[in-house]
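The values are calculated or read from the model by the stated rules, or taken from the named source; none is laboratory data. What you see is a predicted model; the values in this text were computed from it and never measured. Don't worry about glycine lacking a Cβ; one is built from the backbone with ideal geometry, like all the others, and counts go over all protein chains shown. SASA here: full protein model, heavy atoms, side chains in, ligands and nucleic acids out. Shrake-Rupley method; radii C 1.70, N 1.55, O 1.52, S 1.80 Å.
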Amino acid sequence: MTRPTIAVLFGGRSPEYSVSLQSAYAVLSNLSSEKYTVLPVGITRTGAWFAYTGPYEAVAQDTWHEDAANLTPVVVSQDRRVHGLLALHPQGPQPLAVDYALPILHGKNGEDGTVQGLFQLAGIPVIGCGALASALCMDKDRAHKLAFLAGVSIPASLVLEPGEDPQKAVDFARQTGYPLFVKPVKAGSSYGISQIHREEELLPALDLARQYDDQVILEETIPGFEVGCAVIGGRELIVGEIDEIELSGGFFDFTEKYTLKTSAIHVPARVDRNTARRVQETAKILYQALGCSGFARVDMFLTPEGRIVFNEINTIPGFTEHSRFPGMMKAAGYTFPEILDTIIGQVSAS
């Protein structure tokens, strides 16, 4: 049988560029060369696309773009007869056939539906969520509204639009009470997020959030702790063991997510089996309510009373060897290569 060609996209024009490199290195290192023809496609911070033929270690070290001998400029061909990329050689464009695209791009310009839409226009199947689900899950406000319609509890919140009077945020905070979270509506990896405990912290937190998005959302703090569930599939769903984030204080910000200096992740979560099943079933409901497919990580809060509250869905979760999504699937009995085979199998079977 012919091995399918998989374009693995990494980098991108996002604050999460460096996170993407680490995830992509793990994915590239674990994709079977016997099963797949792997085509790494790097996107620089300025948005230039290159087919990359160098060592994978250079991706992790962010030196992949420094050796021109390993780089060929490429674009996605919108001519569906090409079904792939165009390599831009000096002598003229050359087609590069692609069977599937696997974006390992975190945050804006990658996880928000833009890249997914580009490949869907080209007729190239995307491994993972499509354009609509990706856009909805990136938008914290709309994702919460759909979760509520699906019968899942959500935090009390307020969206502050560009140019709106910040007094609305002050009034919401006084009514809801502190501590509160202030977040960009569309961003990932906890960029631009603050947990505030006093009114004088509110305006600086709004300014920080606006550095990442022009819409800002304020959310009540949910008591308890965060739990997550890895989900794979479309009509039929596979779930991993749920995990639990243990914090010594504050919240799971960017530093804690990628260093675990003062926090810990427990897989499986330290809850009884019935609670774990309820979390898994809620994750399935949320995954389907937001139109997810392929794979995603569903994040929720579990209160001391056992109430499950929606937080967010990551449609391209971290994929390093130590990230939460692979950790939950490994706890369910999957090796890293088997996780990749399973998510690729979802799109090839559809």
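Label points 7 Å out from Cα along the Cβ direction at Ser248 and Ala97: separation in nm?
Distance between label points: 5.5 nm.
Over the chain, with every protein chain in place, what whole percent of the accessible area is carbon and sulfur at 1.4 Å, could you tell me?
Numbers: 7920 of 15110 Å².
So the carbon and sulfur contribution to the accessible surface is 52 percent.
Using a cut-off of under 20 Å, list every residue of region 80-94 whose amide N is near the label point 7 Å from the Cα of Ala68 along the Cα-to-beta-carbon line.
87-94
Please list, or write none, the aspartates and glutamates whose alpha carbon is within less than 12 Å of the alpha carbon of Lys330, excluding same-chain residues fewer than 8 places away.
Glu241, Asp243, Glu321, Glu338
Would you mind putting 312-319, 300-307, 153-160 in packing order, based on average other-beta-carbon counts within 10 Å, highest first? Let's see the in-between values first.
Details: 312-319: 25.6, 300-307: 15.1, 153-160: 18.0.
Ranking the peptides 312-319, 300-307, 153-160 by packing returns 312-319, 153-160, 300-307.
For a Förster distance of 41 Å, can you work out the FRET efficiency between the beta-carbons of Thr2 and Leu132, rounded to the nearest 0.05? Intermediate results must be reported in sequence, preceding the final value.
Working: r = 31 Å, r/R0 = 0.76.
Approximately 0.85, to the nearest 0.05.
What FRET efficiency do you get for Thr275 and Arg142 if R0 is 25 Å and r is their Cβ-Cβ distance, rounded to the nearest 0.05? Intermediate values should be presented prior to the final figure.
Working: r = 28 Å, r/R0 = 1.13.
E between Thr275 and Arg142, to the nearest 0.05, is 0.35.
By per-residue mean of other Cβ atoms within 10 Å, what is the highest-first order of 286-296, 209-219? Walk me through the numbers on the way to the answer.
On the way: 286-296: 23.5, 209-219: 19.8.
The peptides rank, most packed first, as 286-296, 209-219.
Give the accessible area for Lys168 in Å² (nearest 10); use a 1.4 Å probe, count only protein heavy atoms, and leave out ligands, DNA and RNA.
Counting only protein heavy atoms, the figure is 90 Å².
Which whole-number percent gives the relative contact order of the chain, counting Cα pairs below 8 Å spaced six or more residues apart?
On the way: 763 pairs, mean separation 58.6, N = 350.
Averaging sequence separation for qualifying contacts and normalising by length gives 17 percent for the chain.
Toward the positive end of the charge dipole of region 1-92, about the Cα centre and with charges on Cβ (Lys, Arg +1; Asp, Glu -1), which of Thr72, Gly92, Val59 goes farthest?
My answer, from the dipole projection, is Gly92.
With r defined as the distance between the Cβ atoms of Ala48 and Leu203 and R0 fixed at 35 Å, what FRET efficiency is calculated, to the nearest 0.05? Mind showing how you got there, number by number?
Working: r = 37 Å, r/R0 = 1.07.
After rounding to 0.05, the efficiency reads 0.40.
Taking the solvent-accessible surface of protein heavy atoms with a 1.4 Å probe, what is the per residue accessible area of region 269-330 in Å²? List each step's numbers first, then the result.
Details: 2260 Å² over 62 residues.
So region 269-330 comes to 37 Å² accessible per residue, rounded to a whole number.
Which whole-number value in Å² is the accessible area per residue of region 150-191, probe 1.4 Å? Walk me through the numbers on the way to the answer.
Details: 1790 Å² over 42 residues.
For region 150-191, the per-residue accessible area is 43 Å².
How large, in Å, is the chain by the Kirkwood hydrodynamic radius built from its alpha-carbon pairs? Walk me through the numbers on the way to the answer.
Details: mean 1/r = 0.0478 Å⁻¹.
Roughly 20.9 Å, rounded to one decimal.
How much length, in nm to one decimal, is gained on full extension between Asn109 and Asp165, taken as 0.36 nm per residue of separation minus their Cα-Cα distance? All intermediate terms of the calculation are to be shown ahead of the outcome.
Details: separation 56, 0.36 × 56 = 20.16 nm, distance 2.88 nm.
Fully extending the segment from Asn109 to Asp165 adds 17.3 nm.
Largest first, please: the extent of the C-alpha atoms of region 277-322 along each principal axis, to the nearest Å.
On the principal axes, region 277-322 reaches 32, 26, 17 Å in Cα extent.
Using the heavy atoms of the protein chains alone and a 1.4 angstrom probe, what is the accessible area of region 1-146 per residue in square angstrom?
Working: 6270 Å² over 146 residues.
So region 1-146 comes to 43 Å² accessible per residue, rounded to a whole number.
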